[in-house]
Amino acid sequence: MTPASAASLSASPSQPAAAPGFIVLAGATGALGLLIAHHLRQRGASVRALVRPAALASAEAESLRLQGVEVVAVDYQRAADLTRVCQGAACVVSALSGLRDVIVDAQSSLLDAAVAAGVPRFIPSDFSADFTRLPEGSNRNFDLRREFARRLDKAPIQATSILNGMFTDLLTGQAPVVLQGPRRILYWGSPDQPLDFTTMVNTAEYTAAAALDPSTPRYLRVAGETATIRDLQAAAQQATGKPFKLFRAGGLGLLATMIKVTKTLMPAQDEVFPPWQGMQYLHNMLSGQAKLAEPLDNARYPDIRWTPVREVLAAQQ
């Protein structure tokens, strides 16, 4: 098992100087957005959270206020208002989640507003495996992020995308890999392909640190742990004290066929994460195409403790 933190060799200041101004956070009432807001406040940042009008009275919005976050309702189609709430910010962070109307359209409106307001930096809602290495059409959600990235790269603003592999948290639920009932590790292809995993909490911690660091590059790549299918088997056994077996469902060609069939029978085009979308993500990772390039950037903020897969699985017992 290879803890990515040990392999991370990127050099950077251990205590980057905080940029002046405050942080604008879009998508702040989502699961990742709430965590980013929390860690920004933990680092002493002033935060202005942008929420849809319908979410202004939600429990999530109230939680943000209790942490000292300024909560502002916005309409992404009102350019002047969006520009006004971005004025004076040091960085705009997007944790928006959705399909084209959000990832491309709403984020483009947010980007235009940030540029118009003179905000120096922008962090888009990427938070994924390395979609920059994938061919068009291999993952619907990644295609949308790549389309927005092309717009972002043309904008007069310093951009930083944070790529973190798969959220480790998904291994205990949405990603059907670690099967607790039958005690199997399900996979396609090779059990020795390295895979990148990062918890949502660690991703939020890192994003908060990056938002306050004016020297970030275009891409930051991190992984709480880089593990193979065999490593996942060992982690599950250590976490539960019970034996797990590997279950190879077939090759990557079979998985690709299953994706096509599932997409035909259950298109669910309006859902952000239909079953075939999760299968595309697994294919991207198991093929090695979306593997994060090394050296990773884990060591950029040395105060972050990276959570291994074993601890996430153990917490579910």
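For this structure, a couple of remarks:
- So Tyr219, is it crowded, with 21+ Cβ neighbours inside 10 Å and either more than 29 Å from Pro120 (Cβ to Cβ) or touching a strand residue (DSSP E or B) at 6+ places or on another chain (Cβ under 7 Å) (or both): no
- Residue that is nearest to Thr207 (Cα to Cα), among those in region 300-317 that are part of a helix (DSSP H, G or I) and more than 18 Å from the chain's Cα centre (by Cα): Glu311
- Residues satisfying the stated conditions in region 230-255, i.e. over 21 Å from the mean Cα position of the chain (by Cα) and aliphatic (A, V, I, L, M): Ala234, Ala235, Ala236, Ala239, Leu246, Ala249, Leu252, Leu254, Leu255
- Cβ separations smaller than 7 Å between residues 6+ apart or across chains give the following pairs from region 136-158 residues that are farther than 15 Å from Val119 by Cα to residues that are charged (D, E, K, R) and outside any helix (DSSP H, G or I): Asp143/Glu136; Arg145/Asp126.
- Residues of region 231-251 satisfying the condition of being surrounded by fewer than 16 Cβ atoms within 10 Å (Cβ to Cβ) and either without any contact (Cβ under 8 Å) to a residue 40 or more places away in the chain or aliphatic (A, V, I, L, M) (or both): Gly241, Leu246, Ala249
- Residue check for Val92: in contact with a Phe, Trp or Tyr (Cβ under 6 Å, 6 or more places away or on another chain) and of a type outside the set (Gly, Ala, Ser): yes
- Residues of region 160-187 that are in contact with a Ser or Thr (Cβ under 9 Å, 6 or more places away or on another chain) and not β-branched (Val, Ile, Thr): Ser161, Leu163, Asn164, Gly165, Met166, Phe167, Asp169, Gln180, Arg183.
- Flag for Arg146 being in a helix (DSSP H, G or I), closer than 27 Å to Arg84 by Cβ and at pLDDT 95 or above: no
- When Val72, Val119, Val93, Val85 are checked against the criterion of being in contact with a Pro (Cβ under 9 Å, 6 or more places away or on another chain) and at pLDDT 95 or above, Val93 stands alone in meeting it.
- Selection from region 268-317 of residues that are closer than 27 Å to Gly251 by Cα and of a type in the set (Phe, Trp, Tyr): Phe273, Trp276, Tyr281
- Residues that are closer than 23 Å to Asn141 by Cα, assigned to a loop (DSSP other than H, G, I, E, B) and in contact (Cβ under 8 Å) with a residue 60 or more places away in the chain, drawn from region 252-299: Asp270, Val272, Phe273, Ser287, Gly288, Gln289, Ala290, Lys291, Leu292, Ala293
- Out of Leu282, Leu254, sole residue that is of a type outside the set (Val, Ile, Thr), surrounded by 14 or more Cβ atoms within 10 Å (Cβ to Cβ) and at pLDDT 95 or above: Leu282
The values are calculated or read from the model by the stated rules, or taken from the named source; none is laboratory data. Nothing here was measured: the structure is a model prediction, and the numbers come from that model. Cβ coordinates were reconstructed from backbone atoms using ideal geometry, including for glycine residues, and neighbour counts include every protein chain displayed.
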